[in-house]
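Note sheet for the following structure.
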Amino acid sequence: MATPHIEAQANEFAKTVLMPGDPLRAKFIAENFLDDAKCITRVRNMFGYTGTYKGKPISVMGSGMGIPSISIYATELYKDYGVENIIRIGSCGAVRDDVKIRDVIIGMAASTDSNVNRQRFNNCDFAACADFSLLKQVVDTAERLNKPVHVGNVFTADLFYTPQPEMFKKMEQHGILAVEMEAAGLYGVAAELGKKALAVFTVSDHIKTGEQTTADERENTFKDMMELTLESIL
Ligand code: HPA
């Protein structure tokens with residue numbers, strides 16, 4: 001079997017798929033965090049792998065950037081490959097003073113300037129939110145591992161290079177923790193198909209201060225986020 005964008009065999013994905021944006025990140029996770037990882041799809045170089053973490057089967061696959069890209073892969077994984085849980089593991093830009101670069105954020109809900117969930121929901125506002133059981137598992141694990149996390153509303157932007165920077169101020173006023181580009185789409189797909197989704201981020205840059213993480217810092221904070229996410233799904 002194959003779908004238009006995934007060439008894996010029917011039973012090759014685990015029930016839980018971790019999705020970084022970058023397919024080379026997926027390769028890095030497979031090679032450094034999973035045992036016996038096997039590459040199961042390479043269409044458009046959007047690599048996907050299945051292996052085990054502490055004996056539990058886990059898959060990891062790139063999502064690409066933006067709602068359209070992640071929506072294609074999430075839909076095919078949920079509908080055609082029997083995947084139950086997708087956890088996006090990404091980076092985001094902070095918009096508030098109390099959120100610092102390198103912090104970990106858990107997307108309880110995702111606001112957006114995208115129209116996709118209105119297209120799904122008869123033009124009404126759909127409150128795109130994480131699956132509570134996945135959210136609780138990650139938050140409980142963060143407490144157990146003594147890792148501080150922010151939990152709250154993120155903003156999923158269609159445009160990275162926004163023509164409306166004044167919107168960042170509004171976001172801050174409304175309690176948005178950070179900006180990214182996929183969560184609201186992933187949560188919408190999961191809701192439509194009756195599946196579970198969550199998004200976990202590290203802050204790679206700060207929109208108010210202009211601070212950015214170095215490549216080394218990104219790698220280290222990324223490892224922390226990976227450990228938290230993998231431990232939470234055991
Ligand atoms: N905007 C949107 N997505 C992002 C950003 C940002 O500033 N940083 C990391 N992902």
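What follows draws every value from the coordinates through simple rules; no lab data is involved. All values derive from a computational prediction rather than experimental measurement. Virtual Cβ from ideal backbone geometry, glycine too; neighbours counted across all protein chains shown.
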- Task: Quickly run through region 128-152 and pick out the residues that are crowded, with 19+ Cβ neighbours inside 10 Å and more than 18 Å from residue 227 (Cβ to Cβ).
- Result: 128, 129, 130, 131
- Message: For the structure I just gave you, tell me whether residue 222 is more than 12 Å from the ligand (Cβ to nearest atom), among the aromatic types (Phe, Trp, Tyr) and either under 14 Å from the mean Cα position of the chain (by Cα) or not in a helix (DSSP H, G or I) (or both).
- Response: yes
- Message: Of everything in region 196-219, what is touching a residue at least 40 places away in the same chain (Cβ under 8 Å), over 22 Å from residue 159 (Cα atoms) and surrounded by fewer than 19 Cβ atoms within 10 Å (Cβ to Cβ)? Give them in sequence order.
- Response: 217, 218
- Message: When you check residue 175 against the structure, is it farther than 18 Å from residue 63 by Cα, within 13 Å of the ligand (Cβ to nearest atom) and either part of a loop (DSSP other than H, G, I, E, B) or basic (Lys, Arg) (or both), yes or no?
- Response: no
- Pairs, first surrounded by 21 or more Cβ atoms within 10 Å (Cβ to Cβ) in region 5-31, second in a strand (DSSP E or B) and aromatic (Phe, Trp, Tyr), C-beta under 7 Å, six or more apart: 26/49; 30/49
- Among the residues of region 80-119, how many are farther than 20 Å from residue 224 by Cα and either surrounded by 15 or more Cβ atoms within 10 Å (Cβ to Cβ) or within 14 Å of the ligand (Cβ to nearest atom) (or both)? 15
